[in-house]
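Here is the structure we will look at.
Any read-out appearing in this document is the output of simple, stated calculations on the displayed coordinates, not a laboratory observation. Just so it is clear, the model here is predicted, and its values are computed rather than measured. For neighbour counting, all protein chains shown are included, and Cβ atoms are generated from backbone atoms with ideal geometry for every residue, glycine included.
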Amino acid sequence: MPSYDAVLFDNDGVLVEPPAAETQRAAIREAFRSVGVADPADRHVDDLTSGVTVDVLEEIGAAYGVDPERLWLARERHDDRSQREAFRAGNRECYDDVEAVLDGALPSGVVSNNHHTTIEFLLDHFGWDGTFDTYYGREMSVESLERKKPNTHYVDRALSDLDAASALYVGDSATDVVAADRAGLDSAFVRRPHTREVDLPVDATHEVESLHDVAALLDG
């Protein structure tokens, strides 16, 4: 059994429930309206919901004559707000098994493709302030699209903060596993209900059913 000197967690789908796609689409439609686009095409709403790249953002901006940076900032602000509202209303929660990893002995961090401001909110909302030694989400900038996982930018920053040589990355997506692989880390892929059928482009070091299984890995 490998031993680790730190552990990093993805956020959405690992620590907390992922956002509902329709909630995200509604927020993005609001973002379009805020920059003067009353009826965006469904495919453009979907493009801005997940997996967006700088090239796609620029194409969408050009389609409506809207500055891409202005559109992206509106998208980020409305998405962040909609997530906070969902948590405050109890429509999204943390997973029941999260308690299994909150009081671990190892230095820990959160590395997410979600907004940094959203991660800060969640740490306060769930009373996790001080639980994690470091955390990173994306800045609300176009540049952050180039830095998100599977890029190792934020993973590397967290590892530097933790001064960790051997860390485990816990995620629920292919990008998490690829980012861990590129950073030279072991990975634990959590097979929650929404990831039961996910095919991974690279093998995860561990595949687990819950964070209780992760806690067991960290205990050695």
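Below, the figures for the structure above:
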{"quantity": "Contour excess over end-to-end distance, with Cα ends at residue 121 and residue 143 and 0.36 nm allotted per residue", "calculated": "5.7 nm"}
{"quantity": "Region 78-113 and region 138-178: distance between their alpha carbon centers, rounded to Å", "calculated": "17"}
{"quantity": "Computed label-point distance, nm, for sites residue 30 and residue 53 using a 7 Å Cα→Cβ extension", "calculated": "3.0"}
{"quantity": "Residue 17 versus residue 81: modelled label distance in nm, points set 7 Å from Cα along the beta carbon direction", "calculated": "2.3"}
{"quantity": "Cut-off under 5 Å, modelled amide H: who pairs with residue 115 long-range", "calculated": "138"}
{"quantity": "Fraction of beta bridges assigned by DSSP in the chain that are antiparallel (%, nearest 5)", "calculated": "5"}
{"quantity": "Potential extension, residue 212-residue 166 segment - 0.36 nm per residue separation minus Cα distance", "calculated": "14.5 nm"}
{"quantity": "³J(HN,Hα), Karplus 6.51/-1.76/1.60, whole Hz, each residue of region 58-64, x for Gly, Pro", "calculated": "5, 5, 5, x, 5, 4, 10"}
{"quantity": "Backbone HN-Hα couplings from phi across region 66-81 [Karplus 6.51/-1.76/1.60, Hz, Gly and Pro as x]", "calculated": "10, 4, x, 5, 5, 5, 5, 5, 5, 4, 5, 5, 5, 5, 4, 4"}
{"quantity": "Estimated vicinal HN-Hα couplings, Hz - region 8-13 in sequence order (Karplus 6.51, -1.76, 1.60; Gly, Pro = x)", "calculated": "10, 10, 5, 9, 5, x"}
{"quantity": "P(r), alpha carbons of region 21-88 - 10 Å bins starting at zero, rounded %", "calculated": "23, 60, 16, 1"}
{"quantity": "Computed E for residue 156/residue 102 - FRET, C-beta separation, R0 25 angstrom, nearest 0.05", "calculated": "0.55"}
{"quantity": "Förster radius 30 Å - calculated FRET efficiency between residue 89 and residue 200 (Cβ-Cβ, nearest 0.05)", "calculated": "0.35"}
{"quantity": "Residue-averaged 222 nm ellipticity for the chain, from DSSP H runs of 4+ at -39500 (n - 2.57), nearest 500", "calculated": "-13500 deg cm²/dmol"}
{"quantity": "Compactness of the chain - radius of gyration and Dmax, Cα, Å", "calculated": "17.6, 56"}
{"quantity": "Spatial extent of region 103-219: Rg and Dmax, with the Cα atoms as the point set, Å", "calculated": "13.9, 39"}
